[in-house]
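Working notes, beginning with the structure itself.
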Amino acid sequence: MRKSRRFTGICPHPSVTPAPVDFESVLHSMKTKKPQAMVAIDVRQHLWQHPLFEGLDDEQRAILTRRVNLHTFKRNDRIIEAHTPARHWFLIEQGLVKVHGWQQKPPRDVVKGLFGPGEIIGEEALIFQNRYLYDAHALCDTVALAVPRKLTRTLAHNNPDWMWSLMQLIGKRLQLAEHQVQALSSSDARGRVVFFLKDLAQRHGRKIGHEVLVKHYLTQQEIAEATGTSRQTVTSLLNEWKKKNLIYFTRYSVLIRDLDRLQ
């Protein structure tokens, strides 16, 4: 494993129709903005900001600080490799991670989900499975805390309250997965792509005035794989919505003009 934002929009008076955001200038500002330096970061600042670690006593926090490592990843870096020993779970602090796995019938690589700040990956180590089930790659510059499996077991044994918080975190992850499966399985191709974009916007989008910018870092083929559709369908829908001025998109970004009207 290799160690290595905010956009504000001026909100007009409610009676005035907001002017469309200059999408190209926003993207340019994102590309030219220098990444935050990761030198000499205090791991504790990241740990204690997350509700999961609030209930730990001073001794447990000291142990956690010594054993938890902060890792940085570049785009396309592998964070987790499927079928390898599940020795750590990761709490994402910055960036976006694609979790994906190989499907036998039909044979293809399938996107299982995108996860960003405050979310976890590698939950196999949390529920004490021996090996990871899926691969995980950074879609952009990403920062994540790696928590050892053995440490998790020790903390869970010595602190029932922390174990309860941990179970709640796992439960939320399972609820999210179930919600996504239900939404994708009960919709047609259009509905699945709509749900995918809205879910990304609500979880990882950035408000710019009255619009939402989503940097998903996925190709249209990957969006198709994540929604069980074809690349041609994704391309057709994106072009249709762009023509109706509901969205504006580039290769790895989508600006959604109005979430409610996207259907």
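Data overview
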item: In Hz, Karplus ³J(HN,Hα) per residue of segment 133-146 (6.51, -1.76, 1.60; θ = phi - 60°; x = Gly, Pro); result: 8, 9, 8, 9, 10, 6, 8, 7, 4, 9, 10, 9, 8, 9
item: Using a Förster distance of 51 Å, the FRET efficiency for D58-K243 (Cβ separation, nearest 0.05); result: 0.30
item: Calculated Rg and Dmax of segment 188-256 using C-alpha coordinates, Å; result: 11.1, 32
item: Candidate aspartates and glutamates - alpha carbon under 13 Å from K74, same-chain residues fewer than 8 apart omitted; result: D141
item: Footprinting exposure proxy for Y248, Y132 (fewest neighbouring C-beta atoms within 10 Å first); result: Y248, Y132
item: Exceeding the 25 Å Cα-Cα cut-off - candidates K112/K198; K172/K244; K198/K242; result: K172/K244
item: Long-range amide H partners of I79 with built H, under 5 Å; result: A136, H137, A138
item: Separation between Cα centres of segment 178-250 and segment 113-149, rounded to whole Å; result: 23
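Just so you know, all these numbers are worked out from the coordinates, no wet-lab data involved. No experiment lies behind these values; they were computed from the predicted model shown. Every residue, glycine among them, receives a Cβ derived from its backbone with ideal geometry; neighbour counts consider all protein chains shown.
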